[in-house]
1. Can you work out the Karplus-derived ³J(HN,Hα) for every residue in the range A:141-156? Use 6.51 cos²θ - 1.76 cosθ + 1.60 with θ = phi - 60°, whole Hz, and x for glycine or proline.
2. FRET efficiency for A:Asn38 and A:Ser575, Cβ-Cβ distance as r, R0 = 56 Å, nearest 0.05?
3. Just tell me, in residue order, which DSSP H segments of chain A are both 24 angstrom or longer along the helix axis (alpha-carbon based) and at least 0.0 in mean Kyte-Doolittle hydropathy.
4. So who's got an amide H within less than 5 Å of the one on A:Thr313, skipping anything under 5 residues away but keeping other chains? H placed 1.01 Å off N, in plane.
5. First check a/c for the range B:5-53, with a ≥ b ≥ c the square roots of the eigenvalues of its C-alpha gyration tensor; if it is under 1.5, answer rounded, and if not, answer prolate when a/b is larger than b/c or oblate otherwise.
6. Sorted by accessible area (1.4 Å probe), largest first, how do B:Tyr6, A:Tyr701, B:Tyr143 line up?
7. Just to make sure I understand: if all protein chains stay in place, what is the order of A:Leu342, B:Leu189 by accessible area at 1.4 Å, largest first?
8. Which percentage, to the nearest 5, of the DSSP beta bridges contained in chain A is antiparallel?
Amino acid sequence: MDQHHFFDAPERDPIDRVDGRAKVTGGATYSAEYKIQNTAYGFLVGSTVAKGRIKAIDTKSAERAPGVLAVITHLNAPKIPGYQTGKDPSKPQTGGQPLRVFYNDEIFYYDQPIALVIADTYERVLHAAKLVKAQFEKAAHQTDMEANLAKAKIPTGPRFEDYKRGELDAYKNAPVKLEQQYNHPVEVHNPMELGSIIARWEGADKVTVYTKTQGVGSTQNSIRDAFGLKAENVTVHAEHIGGAFGMALRTWPYEIAAIMGAQKIGRPLKLMLHREQMFTNVGYRPETVQKIGLGATADGKLTAITHEATANTSPYEEFTEATVNISRFLYACSNVTTRYRLVPLNVCTPIWMRGPGEATGCFALESAMDELAFALNLDPIEFRIRNHADTDPERNLPWSSKFLKECYELGSDRIGWKDRKLQPRARQEGDWLVGYGMGTGSFGAFRGSATVKAILQRDNKLVLQCSVNDMGPGTATMMTTIASEQMGMPPKQIAVQMGSTGLPPGPTQGGSMVTSTVGAAVHDVCAALKEQLAALASKEGSPFHTANVHEVKVDDLVFSETGLSLKRDGSVKISYADLLQRNSLPALELTKESRGQNQPYSSYSYSVHFVKLRVHPPTGRIKIDHIVSCADAGTIVSPKTAESQMIGGAVGGVGMALMEAVVMDHRFGRPINNNLADYHVPVNADIPKVDVLFVNKKDPYTNPMGSKGLGEIAIIGVAPAVANAVFNATGKRIRSLPITPDKVMEA
Amino acid sequence: MINFEYIRVATAKAAVDALVKDGVAQWIAGGTNLVDLMKKGVTAPQKLIDINNLALKEIKKEGSKLRIGALALNSAVADSELVQKEQPLLAQALQAGASQQIRNMATVGGNMMQRTRCPYFYNTDMPCNKRQPGQGCGALKGYNRMHAIFGASDKCIAVHPSDMCVALAALDATVQVTGPKGSRSIPFLSFHRLPGELPQKDNTLERGELITGIEIPQNAFAKSTHYLKVRDRSSYAFALVSVAAAVDMQRNAIRDVRLAMGGVAHKPWRLTAAENFLKGKEATEANFGQAAQLAIQGAKGYGHNNFKLKLAPNAIVEALKTAVGKS
């Protein structure tokens, strides 16, 4: 455990988002906004059929259109080295073969890219793209999950094999049992910023891209492997991301197409997806059908959990996520069975989205827990507390920390849980029925490895460098906060440089692990920097070096905004400028890699979400009055951005619960609400006051700050809290998301 | 590239002359729908005649009538004290429509002229008789949750998306138009049409006829009106069903009442039978319920929108209750 008892100071002024001003004033540059001279514009033409082959493709009129520089199709596409080897050019790897753009004539899904048109202006490329005419040999596509459930199969590899603890499907013989099905539709990430890339080749074997990615390092690897380049010859910039929610966790075919196009024309190429293409070509939360079986004793002790999930994937790849895993560890239960299956459909491959599979899985588990609590005539929180897992039942390990009960307590108080009646339809205000609901969330508190470079300059500026980027949670703010705390330096003296492969390697932004991973590295490099400063201050000639004292240690010193001083005698001091000058150093530079250690503990973050809402049964309208989200995420490092992240998760959860769903017309195999007018995400008027409460107790083992991840638990558990509140209000259990007015009326 | 000519005109006569002269031209005002349609490739006018400079923005009393110029902005009408005082139902309906940003651009005339939001109409790769007569109706056996339950044909089951027009239909507004053959006045209920065999035709305007304004006759509804919009989210969503209700109460009896619905037909749907039933009756939930049952007679669902058969009468009752302060 860290010596310095980091963040133990009870009251700190939370700092504002350090890049907030740049973001709201247009000062932050996003991928498509880099001004690169001589940039040409690309646009992807998609397949109009959902399965089959390209019989013929006529590009002549497009090629003849004014300003057109090239039209790339499978007939003339340059050979991509990574495509020929059969090696998966995408990171992280998935089972199967990622889509190879313009590789051959095979069509797997609607809007699959069949041509890249390149022209000198954006308007001209849009027009020319409409002139590309393709003929298809159509085959019967499958986009309907319900109709294809019989094709469900276990994904390849050991991770997704059936899991059994104790007796198989023991719920069937339990004294009190519940068996229900829960449906979750396809949801699309729909960040504000569209998928965008500018690719510029600098010679035959060197390329620079400005692209929307959550991990510049993984994008660098993907491009390296696809184009057969040396990693150091692939530069990836992605300092700012206009939201992603998981959609930019891999390198997509549109990015490979743009790099291919730039190579073909020998000019920089910009390609920005249209909103419609965001629905078809860059992943989504898969449609998931779940079955939960629960068994309990009459006094409310869980005896069995069976959790089955069947999700869709693409015809060419197996996308998997941890949908059922939460049922293995969230509650103390000796008989647990989980099964996970995939159904290939004619759509592009899904990708993790907001809380990913855990959020989907938690909707089923936490809805079922609410149902069983009601069947047992128990308060849902009491039922959960009776089945609290004091140690990890899956791995038989103690928790590194767990303050879930504190979350239940904090949140119950704030939402006014005592006013909730066990029986539904018990509270009425005019024609509206009032209900309360809650849902628990949990996600692994992971820590990976990161390298951070710290540069202390003579002007008292501290520069922190790491290739990690920030899709919104406030990574730079978190880094600044830690360094400020460590160095006794005000945030304004600290500058963070991030989001480029030229910087020391950091992790991909995802999986709720950036603060733990990068924050620890910032902590460690600052600690090392202080050691170095202490060593320099110990040198002969320094005011700290006296006849009696030849060495000062970090603990003897006070580090402040302009220099260091002796703890026991503040008059003995030196400025950073002087210290560096005396040592003929223009700046003090230090690079440090930090990584998590394997511990004999299980580490998870927890959240409990509470919802109070009103339902108008005659018209099916739902109005959420209050949301309280409580989190046990260890020490909260950056309180303001952490609170914002929790609010964002609650908003995403409301979307998941009440409105988000991609509607497919299976006759054509294509989405028909592929725009932000018809695909509904919550607007301000849908969102009530959201109270965010943190337990804010440190985890002794995760990292020096004692923090645990927050991003995923912000949404995991919100949707079941809403669904459970709808039940409490109306007595109607809606097990198919989203809960739209028509479902409320028909339930 | 599909280039188009763009001109600006300053008078209604010049606007009409320019359009009549050029068979492929279209007028543009706020452009909040037309520009979308052009981007989507649903329409490709070779010439746009910008009519924003026409002096048709005024909102004023003319005798007992309220007159609103065709180019008055949706937000200006919604915020007008005169409209809020005399015709609050119209202000309520406008506030329920689109988003503030769109209301700041969209005009009254443009609101009436907006096309359906049926997804099959917007996606040029899918069948739609309204966009391309003879292609078939994609929604009929497709995804029709948002679609009509009244007055549809097997050629088209789309709905008119406007909120404003539902209020104007209830308020017996008239539409003032001017065209090559002179000016005329169209009763609001005759302005939009049902799809029938000609779903491509949204309204009864003749080629070259320009909307110059609307007139709303004086009424005694100001104290008891409500525009109820049931939708999938609280703002920036089209109505699943909407109800414009205006009641003139004399003690507890209904002296006069107007009811119209949105989201249920190819045009704003006036509920005359329900109105006639309610006139002279007491404002009770039972009477509202009976009126709603009369209103829903002849309604037909197409699958995904069957819930509207239940939602519509419930929404009528709810809107009436709210209008008379009994909710």
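1. Going residue by residue, I get 8, 10, 10, 9, 4, 4, 6, 10, 4, 5, 8, 4, 9, 6, x, 5 Hz, with x marking Gly and Pro.
2. On the way: r = 48 Å, r/R0 = 0.85.
Result of the calculation: an efficiency of 0.75.
3. Qualifying helices: A:356-375, A:520-538, A:639-658.
4. For A:Thr313, whose amide H was placed from the backbone, the distant partners under 5 Å are A:Val343, A:Leu345.
5. Numbers: a/c = 2.80, a/b = 1.54, b/c = 1.82.
Here the range B:5-53 falls in the oblate category.
6. Details: B:Tyr6 105, A:Tyr701 80, B:Tyr143 50 Å².
Largest accessible area first, the list is B:Tyr6, A:Tyr701, B:Tyr143.
7. On the way: A:Leu342 5, B:Leu189 60 Å².
So, going from the largest accessible area down, we get B:Leu189, A:Leu342.
8. Numbers: 103 of 134 bridges.
Bridges in chain A that DSSP calls antiparallel: roughly 75 percent.
The values are calculated or read from the model by the stated rules, or taken from the named source; none is laboratory data. What you see is a predicted model, and the numbers here were worked out from it, not measured in a lab. Don't worry about glycine lacking a Cβ; one is built from the backbone with ideal geometry, like all the others, and counts go over all protein chains shown. Heavy atoms of the whole protein, side chains included, go into the accessibility calculation; ligands, DNA and RNA do not. Shrake-Rupley method; radii C 1.70, N 1.55, O 1.52, S 1.80 Å.
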